[in-house]
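Data block below; observations after.
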Amino acid sequence: MNKKILVTGGLGFIGSHTVVALQEKGFKVVIIDNLSNSSIDVLAGITKITGKEPEFERMDLRNKQEVKNFFQKYPDIEGVIHFAASKAVGESVENPLLYYENNLSTLVYILQELVERPKAHFIFSSSCTVYGQADNLPITENAPVKKAESPYGNTKQIGEEIIADTCKVHAGLKAISLRYFNPIGAHPSADIGELPIGTPQNLVPFITQTAIGKRKELSVFGDDYPTEDGTCIRDYIHVMDLARAHVVALQRLINGSEKSNYEVFNLGTGKGNSVLEVIKTFEESTGQRLPYKIAGRREGDVIAAYADTEKANKELGWKADLTLAEALQSAWKWQTVVEDKDL
Ligand code: UD1
């Protein structure tokens, strides 16, 4: 029988691509999403790509009773991939309690249900933000977790600790935290992609919206960093590669291949690119001109971050296959259709 997986935040950017990857591997999916930062139309995009409509429950995971009711309604759920969370760094500084509630109370309520079961499999969306500016590059999973720069970053650190502490005393709970580097791109069909609300804070959506004329120009945040061209370096990973990694991680837990009941993996390409390199690759791979100017540094930005991918390669048997150019092309294709979708 096909296993049923709960994907919270399954209509969001990484969530929706992961739902597609799960359904393509034969998993049945139930999505929980409160539509706070996503559109119900994403469901149609997923259905168009996979030919299967996932089950969908519009609900808010901050309601403990509803979480309880959900797990009673779906006793056959064999795994949970927990994406649902708020992710805007600036907003988290303005409204820390919203972030602690959204990102941590929901996690606790789900885990409280899972530990009641004899067996449970749990995948957590974490972030390379937990490393801050790492002392050594590339960043391995053993790099120390540094004091968080923002309440958002702190919720990822605390979230990981909550899971680790819970796994210590509940042997039936098996969990993996996936620390994403910089997810970009879209499904090649352009039926799903990233849907930033308002002005995008992240680089690639800002680039595509500028190229299409929605924004006047991109500001490059600082060109006086101690890097080759002076701009910051990040590890940009195609969301399709990232989505596949979630399926692999889940299968590891289901198959019992894990080394301990709580594990952590970096998900990146292992390659760092500067902001100027991203701009150049975007222009070359899409044929679009991108107006940009050099602006001041953005507070809280680390100079350089890219993943050591050895643990994920060896233990998960996973590596990112798609290039930066492919990711940027897919993000551009998505941008050209998204305007017409009225999402
Ligand atoms: C940001 C968050 C990080 C979060 C991640 C989620 C900050 C400081 N960090 O990471 O906590 O986990 O998003 O995806 O917000 N850039 C420009 N101009 C722009 C936008 C970005 O030059 O208009 C530069 C940034 O300075 C950075 C790079 O592009 O060097 C990537 O920025 P972004 O996409 O925001 O990702 P991170 O800052 O790495």
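All of the numbers you see were taken from the coordinates with simple rules; none came from a lab. Owing to the predicted nature of the structure, the values given are computational and were not obtained by experimental measurement. Note that we place each Cβ from the backbone using ideal geometry, even for glycine, and neighbour counts take in every protein chain shown.
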Of all the Cα-Cα pairs you can form in the chain, what percent are over 32 Å apart? 26 percent
Work out how much length E53 to N136 would gain on full extension: take 0.36 nm times their residue separation and subtract the Cα-Cα distance, in nm to one decimal. 25.5 nm
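Give the Kirkwood hydrodynamic radius (Å, one decimal) of the range 209-293, defined as one over the mean of 1/r across all pairs of different Cα atoms. Don't jump to the answer; show the numbers that get you there.
Details: mean 1/r = 0.0633 Å⁻¹.
One decimal place: 15.8 Å for the Kirkwood radius.
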Could you work out Rg/(2.2 N^0.38 Å) for the range 169-234, with Rg from alpha carbons only? 1.62
Once you mark the trypsin sites (Lys or Arg not before Pro) that are in a DSSP loop and have at most 10 other Cβ atoms within 10 Å, what is the longest gap between them in the chain? 1-146
Provide the descending list of Cα extents for the range 1-144 along its principal axes, expressed in whole angstroms. 47, 33, 32
Can you give the net charge of the other residues whose Cβ lies under 11 Å from the Cβ of T199, counting K and R as +1 and D and E as -1? +2
Which three lengths, in whole Å and largest first, does the range 172-326 cover when its Cα atoms are put on their principal axes? 52, 38, 27
Please report, to one decimal in angstroms, the Kirkwood hydrodynamic radius of the range 65-203 built from all distinct Cα-Cα pairs. 16.7 Å
Round to a whole angstrom and tell me the spacing of the C-alpha centers of the range 279-303 and the range 178-200. 17 Å
